[in-house]
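No value in this document is a laboratory result; all are computed from the given coordinates. Just so it is clear, the model here is predicted, and its values are computed rather than measured. Neighbour counts are summed over all protein chains in view; Cβ atoms, including those assigned to glycine, are modelled from backbone coordinates with ideal geometry.
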Amino acid sequence: MSNVESEVEVLSARDVPLGGPRALLVRRTLPQRARTLIGAWCFADHYGPVDATVTGMDVPPHPHTGLQTVSWLFSGEIEHRDTLGTHALVRPGEMNLMTGGYGIAHSEVSTPDTTVIHGVQLWVALPEEHRDTARDFQHHVPEPVRVDGAEIKVFLGSLAGSTSPVRTFTPLLGAEITLDPGASVTLAVDTAFEHGLLVDSGDVRLLDTALRPAELGYVPCGADTVMVVNDSDVPARTILLGGPPFEEEIVMWWNFIGRSHEDIVKAREDWQAGSDRFGEVEGHPGNRLPAPALPNAVITPRGNPPRR
């Protein structure tokens with residue numbers, strides 16, 4: 001294993017309300033001031049478990065540009081509708097990946113039978129050459145693999161001999177790793193990738209660094225293995241993300257990713273005007289989500305801190 005143990009960076013989450021009056025509270029670890037991206041992963045929300053009969057997910061039609069959304073549930077069920085005409089369900093262990101590109105809109109609503117909602121919502125920044133790509137939607141159910149007391153579900157990229165067929169625009173890794181009580185697993189990874197381990201539950205160590213639930217541990221490029229340890233006497237669940245450093249600076253505001261303040265202004269104007277750029281979400285009762293007011297300042301591009 002490469003000597004990177006001392007370089008694990010712990011990113012804490014902040015609470016963000018998602019939705020309207022009965023907002024679902026999510027724990028956001030990306031982006032933040034210390035780190036904007038891990039690979040092309042630019043957004044990580046972790047939510048639940050919460051009582052969906054009291055606080056479910058109910059996000060009206062809203063737009064996206066310049067990114068892909070990755071929906072992954074631990075429990076519950078979410079109904080997805082988008083302007084491609086997709087009507088799909090998000091279920092535990094099944095990944096839905098939506099490509100926004102030039103523009104797409106979708107809605108996300110927990111189903112009436114859902115009693116507990118629990119999962120992650122992740123975004124991937126599209127590189128400049130594919131930023132205005134066409135809308136797309138992909139669904140994948142990874143086959144679980146067992147390694148040293150851990151069950152691994154690879155939804156993007158390759159890990160532990162399992163490879164996802166899902167298309168991405170930069171090399172990526174995305175996998176759920178659930179460890180048995182007291183288990184330790186060492187996984188071979190790409191040395192060109194930086195990695196982030198998001199803890200859902202359990203007392204977990206990434207290499208020799210302890211992580212609490214909702215924290216994300218960051219490992220820079222250079223590691224050829226990643227060791228994850230469950231120090232608790234109950235199963236521990238984590239999400240491992242990775243990819244080569246994303247060298248472009250991005251402007252990220254609301255649900256849009258661009259490269260300049262002007263990109264964001266134009267996307268917002270198009271959404272508010274009902275432009276064909278985003279299309280219409282059919283079958284969702286109620287109105288679409290209006291864009292918030294822009295800040296009274298120029299939104300500046302951001303990247304990661306310089307690599308050491």
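Remarks
- Theoretical FRET efficiency, 1/(1+(r/R0)^6), r = Cβ-Cβ of Ser232 and Ser158, R0 25 Å, to 0.05: 0.35
- Note: relative contact order over the chain, using C-alpha pairs below 8 Å and six or more positions apart, is 21 percent.
- Tilt relative to the chain, helix 261-272 - C-alpha long axis, 0 to 90 degrees, to 10: 60
- The order of the peptides 191-202, 223-234, 286-297 by mean Cβ neighbours within 10 Å, most packed first, is 191-202, 223-234, 286-297.
- Modelled FRET efficiency - R0 25 Å, Arg212 with Glu143, Cβ distances, 0.05 increments: 0.25
- Expected 222 nm ellipticity per residue - DSSP helices of 4 or more, -39500 (n - 2.57), all of the chain, to 500: -1000 deg cm²/dmol
- Here r is the Cβ-Cβ distance between Asp136 and Asp203 and R0 is 41 Å; the resulting FRET efficiency, rounded to 0.05, is 0.60.
- Net charge, Val147 excluded, C-beta distance under 14 Å - Lys, Arg +1, Asp, Glu -1: -3
- Order of Ser275, Ser107 - criterion: other Cβ atoms within 10 Å of each residue's Cβ, fewest first: Ser275, Ser107
- The listed peptides 276-284, 38-46, ordered by packing as a protection proxy, come out as 38-46, 276-284 (highest mean of other Cβ atoms within 10 Å first).
- Of Glu129, Glu7, Glu94, the sequence from fewest to most neighbouring Cβ atoms within 10 angstrom is Glu129, Glu7, Glu94.
- Extension reserve of the Gln32-Thr300 stretch, reckoned as 0.36 nm per residue once the Cα distance is removed: 95.1 nm
- Every Cα-Cα pair in the chain was counted, and those over 29 Å apart are 32% of them.
- The gain in end-to-end length when the Thr225 to Thr53 segment is fully stretched comes to 57.7 nm, 0.36 nm per residue minus the alpha carbon separation.
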